[in-house]
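What follows is a set of notes on a single structure, which appears directly below.
The values are calculated or read from the model by the stated rules, or taken from the named source; none is laboratory data. It should be emphasised that the depicted structure is a prediction, and the values quoted were computed from it without experimental measurement. Neighbour counts are summed over all protein chains in view; Cβ atoms, including those assigned to glycine, are modelled from backbone coordinates with ideal geometry.
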Amino acid sequence: MMASILVVEDEDNIATALDFLLSRDGHKHRRMATGAGAVDEIRASHPDLVLLDVMLPDVSGYQIVQDVRADPALNDVRVLLMTARGSVVERRKGLALGADGFIAKPFELSELRAELARLLGGRC
Amino acid sequence: MLTRLSLRLRVLLIFAGLAAAILAALAVALWVAGAGLAGRGVPVQAMLDALVQAALIAGFGALGMVVWIWFLFDRNVARPIELLAGGLRTGQAPEIEEARYLADLGPAARDAAEARARSAEALADAIAEHAADLQREKATLESILADIGAGAVMTDPAGRVMFYNASAAHLLPGIALDRPIERHLPGGALEAGAARLAAGAAATDLTCLSSAGQRLWGRMRRIDGGTLLILNDRPPQRPAPRDLLETLRRHAATLVPMLGALEGPIPPALAQAIRAEGQGLANALRALTEAMSGDAPRGGAGLNELAAGLDPAPDLPPRLMLMADAAGVNGLLRHLDRRLREQGATPRLAAEVEAEAEASEARLLLLWTGAPLPMDRLESWLAEPPDPAQPELTGHEILAAHATGIWTEARDGQARLVLPLPIASHRPDRAGLTYDFALARRGAASSRLADLTCVVFDTETTGLDPATDRIVQIAGLRIARGRLTGERFDTLVNPGRPIPPASTAVHGITDAMVADAPDMVTALTAFRHFTEDAVLVAHNAPFDMGFLRRAAPETGAHFDNQALDTILLSAMLWGQSAPHSLDALTERLGIVIPPEERHTAMGDTRATAEAYLRLIAALEAKGLERFEDIMAEARRHRRLIDDANRPAGDAASGSGPSAG
């Protein structure tokens, strides 16, 4: 089943790669290049999953997770964090703030697919 | 020859000689008078009475005069001179009244004695002051040395350890004073280092594998004929991870030319190669990240240090040690605390430790009542340096150096910041220095009792029979060349069975006390390392040795050390009929055991050790200087020491005064 995914990622090259991979797997997706307005966009479009970069130029991905989790209406939105800082504590920090999953860049396609499958359940 | 006699005796002899000479002269005079009278025809009978009378008057008169003059001379001259001399010799000011006939000699001697006493007092004061200075310097040096992170070991010219600090004890398990350093570090590396020093270097690098299999880096320096080793378990400068960088370079070098082919259709083999290289690059990068993150602090910081200047929660565990750089983490926490207070919050510091038995991590919490902190604001605070004087050391840098992070949470109506840090396994609280530089001056080890390396020990047990009872506590103190080294072994042992109340009544050790204690295998293996190469000394040694040897098949720790029994040594000095209980022995030797320490393993060990040191001095005076002498003497005493040195299996069952 097709899922709706919001990609929040400032690096164009990664965004291009993600666009290619998600399209190939048949997901409906949009991309935002900055963190500002991301929470409003999530409220408006209510995606199944947000693929969220931690290190955005304006707002930190952690702040967006915190805001999403502070809004009970967004309870069913899954958040998958991506970061180039792959330390264990970053993962714990993300999960403590309410993210549902965490993948470290560079990730392999199979790794991303497995995480998406886990978080979207039957929807992909 | 007369000069060997005392002055008064010599004077007495002189006066006796004078009296004898006067009597002899009288006799001659009477004989001459008698002969003259006889020549004139005076009958002998007629002159005898007159002559005897004259002889008696002159003889007694002369003798009386001589005795009287001797008495005056002795009382007023000879005796006062001896008194003055004795007084001068012992430093006492003499009584001048006694020496009133010696003119100025009495006052002069008194002045001299008093002047000497004054200078002795001044000297004693100066020495005491100097000693206090030395003591202060020693304490300062001890604190300085105790906190250098590196292990420091100093050996005498023969390579025997005479100094080590707590870090060295950690790096070289089992190190002890008077043991050869070659047992811990490979002789080849030490010899090669010594050769470099002999070639003229003041100090040289040392890289070697310890006998415990750990790679060590350090410096080696000659001091006073001996060697000083400074040891670390990581290299002074981390070598660049060459192999990882090489892997990265190789993948990138292969991948980049392949990318040129992306413009056209890609043959499957090339696509596969690109994928493989990309994966290789990702893996190498991960390995590199891990390798570079291994620099987290390894030193411990007490929670009390980390909480300084903060408002601690009342249930903060004060003795918790965390792997953290106290300055960095405390600075960061205070910075966050300050920023939170600027927002109107009043944070308290708390700590959460998981309830598992061997929790490896604690979470430091800054708790306050109110809204959780937005992560963006936290991130901006972390971008600031807590100490403006070190602008490059931001909160992020401090966290990265600890390989940790900090985040915000809301729980139970409270907001909090969470900072996880690993728990430090151990940190020596004491100064952690063990040394005896006099070891080097006391010559090579020999079989002289005073030169032996010994471990005096005592066990507490579940009962008196080594065949069925078990050890519940064991304590030991090391002695090297006639002095306590300060190295101690003291542990409770879980006997794996209930302790009978009758035994608990003796030593006060209960089942609850040993519930978490090491088992017999762990405890005796550690004690085996502690006692390696030492003579074992115990009060009623056959009893304690019996327990150690009985346990050998179970623990694998074989105690084939030679043993000495202080009961036997006591019997050699005071005979077998005297009482030889530890109480009787220590009382005879003037050693005080605090009552609360009696029948604790360490209390009895300390008493036995002090008794042993005094016993060997007394035995030496009796001509029993060497271990062999003691063994020979022991055969005459038919008791104990042979038993204590008898191999396992047939050791006597202990029934001595030490009730286990």
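Here the strands (runs of 3 or more DSSP E) wholly within the range B:133-245 that include at least 3 residues being closer than 21 Å to residue B:300 by Cα are B:226-232.
The condition (being under 17 Å from residue A:9 (Cα atoms) and either in contact with a strand residue (DSSP E or B) (Cβ under 8 Å, 6 or more places away or on another chain) or at pLDDT 90 or above (or both)) is satisfied by just one residue among A:97, A:74, A:120, A:112: A:112. All conditions but one from (1) hydrophobic (A, V, I, L, M, F, W, C); (2) touching a strand residue (DSSP E or B) at 6+ places or on another chain (Cβ under 8 Å); (3) not in a helix (DSSP H, G or I) apply to residue A:68; the one that does not is (3). The set of residues in the range B:392-410 being within 12 Å of another protein chain (Cβ to nearest Cβ) and surrounded by fewer than 16 Cβ atoms within 10 Å (Cβ to Cβ) consists of B:410 alone.
Evaluating residue A:71 against the criteria (1) over 30 Å from residue B:291 (Cβ atoms); (2) touching a Leu at 6+ places or on another chain (Cβ under 7 Å); (3) more than 10 Å from every other protein chain (Cβ to nearest Cβ) leaves one unmet condition, (2). The condition of being out of contact with any strand residue (DSSP E or B) (no Cβ under 9 Å at 6 or more places or on another chain) and either touching a residue at least 12 places away in the same chain (Cβ under 8 Å) or loosely packed, with under 11 Cβ neighbours inside 10 Å (or both) holds for residue B:98.
Of the residues examined, residue B:342 is not one that is more than 14 Å from chain A (Cβ to nearest Cβ), of a type outside the set (Phe, Trp, Tyr) and farther than 27 Å from residue A:98 by Cβ.
Of all residues in the range B:460-517, those that are in contact with a His (Cβ under 8 Å, 6 or more places away or on another chain) and of a type outside the set (Val, Ile, Thr) total 4. Each residue in the range B:265-277 was checked for being under 15 Å from residue B:250 (Cβ atoms) and either more than 13 Å from every other protein chain (Cβ to nearest Cβ) or buried (at least 16 other Cβ atoms within 10 Å of the Cβ) (or both), and 3 pass. Checking the structure you have, find out if any residue of the range B:516-524 is within 28 Å of residue B:163 (Cα to Cα), touching a Lys or Arg at 6+ places or on another chain (Cβ under 8 Å), in the same structural domain as residue B:599 (by the TED database) and among the hydrophobic types (A, V, I, L, M, F, W, C). Scanning the range B:516-524 turns up no residue that is within 28 Å of residue B:163 (Cα to Cα), touching a Lys or Arg at 6+ places or on another chain (Cβ under 8 Å), in the same structural domain as residue B:599 (by the TED database) and among the hydrophobic types (A, V, I, L, M, F, W, C). Taking the conditions (1) away from every other protein chain (no Cβ under 13 Å); (2) of a type in the set (A, V, I, L, M); (3) closer than 23 Å to residue B:397 by Cα in turn, residue A:81 satisfies each one other than (1).
Within the range B:355-382, if we keep just the residues that are part of a loop (DSSP other than H, G, I, E, B) and closer than 22 Å to residue B:309 by Cβ, the residue that is farthest from the other protein chains (Cβ to nearest Cβ) turns out to be B:370. Looking only at residues that are over 16 Å from residue A:29 (Cβ atoms) and within 13 Å of chain B (Cβ to nearest Cβ) in the range A:104-124, which one is surrounded by the fewest Cβ atoms within 10 Å (Cβ to Cβ)? Among residues in the range A:104-124 that are over 16 Å from residue A:29 (Cβ atoms) and within 13 Å of chain B (Cβ to nearest Cβ), the one surrounded by the fewest Cβ atoms within 10 Å (Cβ to Cβ) is A:110.
Would you check if residue A:24 is among the basic types (Lys, Arg) and modelled with pLDDT of 90 or more? No, not satisfied. The residue of the range B:411-438 that is surrounded by the most Cβ atoms within 10 Å (Cβ to Cβ), among those that are modelled with pLDDT of 85 or more and within 13 Å of chain A (Cβ to nearest Cβ), is B:419.
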